[in-house]
Amino acid sequence: MRIICPVKRVPDTAAKKAVEPDLTLDRDGVEAVLNANDEWSIEEALRIKERTPGTEVVVLCVGPEQAQQTIRKALSYGLDGAIQVSDPGISGSDASGIASIVAGALADEEFDLVIMGNQSSDARTMLLPAMLAEYLDLPALTYCTKLDIDGDTVRAEREMPGGHQVVEAKLPAVVSVVEAINEPRYPSFKGIMAAKSKPVVVKDLQDVGLDAEMVGLEHAWTQVLEVTPRPPRQAGDKVEDDGSGTVGAKALADFLVARKFL
Amino acid sequence: MSISFELRPEQEELRRLVRQFALDKVAPRAEEMNHRGEFPVDLVQEMGALGLFGLPFPEEYGGSGGTYFDLCLAIEEIGRVDQSLGITLEAGVGLGAMPIWKFGTEEQRRRWLPPLARGERLAGFGLTEPGGGSDAGALRTRALQDGDTWVINGSKSFITNAGTDISDFVTITAVTNQDPREITNFVVPRDTPGFVVGGGYRKVGWHASDTRDLAFDDVVVPAEHQLGERGRGFANFLSILDEGRIAIAALAVGLIQGCVDECVRYAHEREAFGKPIGGHQAVAFKIADMQAAAELARNQWWHAAWLMEQGRPFKRQASIAKLYATEAAVTAAREACQVFGGYGFTTEYPVGRFYQDAKILEIGEGTSEVQRMLIARDLGLPRA
């Protein structure tokens, strides 16, 4: 079995975000990390690999040269190899553009399953898994909390409001996973060392059958018009008590009732 | 090689990994472990799975294929959150496993090293005796040869990692055949008859680490438990301590950095006289001094570890690192408590625990006085 794990290099969520004049994220000024949701997809792929001997897991990352660090991080969990798509023309692509690039990179690859996080912590469009499946003309099982592979079938539990759905599809398929699916392991130092020598195949736009007229900021289907930082948090309500305890207690109870906690 | 302060990418990755592990897994339990004096076997074994206990050993012996420098990076990051677990790692690798790696035969390495390097088992380093301390050569523990065996009698004090549920053995120093100048190392397995592990100490700090006194009453070990050359035992153990000073310096830097972490957060949160206390120079300067000490001490242990990795003399730099970092740690912990005011004297915040843990750093693995003596000797000053 061969599994592809698309991952994204994102700014550290703890860091203060800044935008460039063209309203794309400033990716140089902050520390970049592996998108946290992709740790769940990597973990799930590793668990399948451990259950299914002979499974190969390959990480796929669209990003500039610095994305090598993200790829090495993904490999340090014990993945087998990597594909990187890197091209100056990619910068500023929207979800559709990136999905077409990932699909292009997979056109010549043999695989049974694509597993990915349901969203990235920077763009948060949640579109990529479904768009990728559309480009690849494959079934999409999204927001999965449980995965089982049985022969050529993948069966999944999908997170729904107020419950879950059980769905299945024939392989190959595209699956996106959410936090509830597992608790990701830590890489080991041996894994970090081994990641240095794992093969990374680097492709450019031409290699994936696209050109700069099809992707990038200028050819994005969607456009960011404005970026506004969240207003600073307002000071909370202060409850004053007269020393008796009853005034304060009543105010707190009213507060909770108003918000339907009581 | 020219001067570089850049870590290799895998070292950066290791540091991030250990930092994340310490924040996720260790920090939430540190206070409770300290309060209960609980030795966290599960965390030790998780650290083993990360490869931390095998950092300086090759993979063929169960190690991770890194370096001593890498080990010190990990010790600093664990120590930044919890000193007890930091010393458990330091002693587990530097004192427990290292003598087997450095002085063991191929057979001894293959037999004893892998479980230690994987963090599944721990070993102790039995040098200090009740009347020893800085006069570490004044040994009373004796080993007498009896055919193919050695018979050991004596006692050891303050031995880290000797009495946990996963402690396998201690390596000890003993005077062999009544000649006080002839000191030899032996491996004594935990279950050897006559080897008694004491109940532990009521310590001021390091509450979640394991510290024991040991007694040997006609303990018989086979000849193949002799570690290293006969008569080289004292010199061998001292060379372990030379390296250990770098690791203790890293542990101390972790403590100082941990104090800075806590103080910076608190100085933003706590308000007095109408503004966050970090806005008051009396507080801000204390924290600035702590960070200055952390960076100076870190540079010094990096230098010593770098020299060691290059195969160059490093003893003076290691002594300076240990001396400076540990004394700065005591100062930093005291000042961090001051920043926290009354809360600094409680166990509600980590700084109170750091204050308890700091003092031993000036004592263990060579006191500040011993470090000054070694530095003075290295300068060629007359011996006492």
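The values are calculated or read from the model by the stated rules, or taken from the named source; none is laboratory data. Note that the structure is a prediction, hence the values are computed from the model and not measured. Every residue, glycine among them, receives a Cβ derived from its backbone with ideal geometry; neighbour counts consider all protein chains shown. Side chains included, ligands, DNA and RNA excluded: accessible areas come from the protein's heavy atoms. Shrake-Rupley method; radii C 1.70, N 1.55, O 1.52, S 1.80 Å.
Laid out as a table, the results:
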item	result
DSSP H segments from chain A that extend 15 Å or more along their own axis, Cα-based, with Kyte-Doolittle mean of 1.0 or above	A:95-106, A:246-258
Residue B:220-residue B:309 FRET efficiency (beta carbon distance; Förster radius 51 Å; 0.05 resolution)	0.80
For A:190-199, mean number of other protein chain Cβ atoms within 10 Å	5
Probe 1.4 Å, all protein chains present, accessible-area order of B:285, B:69, A:261, largest first	A:261, B:285, B:69
Antiparallel %, DSSP beta bridges [both residues in chain A], to 5	40 percent
Rounded to 10°, Cα long-axis angle of helix B:106-117 versus longest principal axis of chain B	30 degrees
FRET efficiency for residue A:108 and residue A:51, using Cβ-Cβ distance with R0 set to 35 Å, rounded to 0.05	0.80
Reach of residue A:196 by Cα under 23 Å, taken over lysines that are not fewer than 8 positions away in the same chain	A:8, A:49, A:73
Förster-model FRET efficiency, 45 Å R0, residue A:252 and residue A:185, C-beta, rounded to 0.05	0.60
Paramagnetic label zone (point 7 Å from Cα along Cα-to-C-beta, residue B:272; backbone N under 14 Å) in the range B:311-337	B:335-337
10 Å Cβ neighbours from other chains, averaged over peptide B:27-40	0
Computed accessible area, residue B:316, all protein chains, 1.4 angstrom probe, square angstrom	90 Å²
Most to least accessible of A:145, B:164 (protein chains only, probe 1.4 Å)	A:145, B:164
Relative contact order (%) - criterion: Cα under 8 Å, at least six apart; region: chain B	16 percent
Total charge dipole magnitude, the range A:2-219, about the Cα centre, Cβ charges on Lys, Arg, Asp, Glu only, Debye to nearest 20	840 debye
Average beta-carbon neighbours from other chains, 10 Å sphere, peptide B:8-17	5
Protection-proxy order for peptides B:300-306, A:250-256, each taking the mean of Cβ atoms within 10 Å per residue, highest first	B:300-306, A:250-256
Percent breakdown of C-alpha pair distances by 10 Å bin, ordered from the shortest bin, for the range B:124-231	16, 50, 28, 6, 0
Mean Cβ count within 10 Å, highest first, over the residues of peptides B:330-338, B:148-156	B:330-338, B:148-156
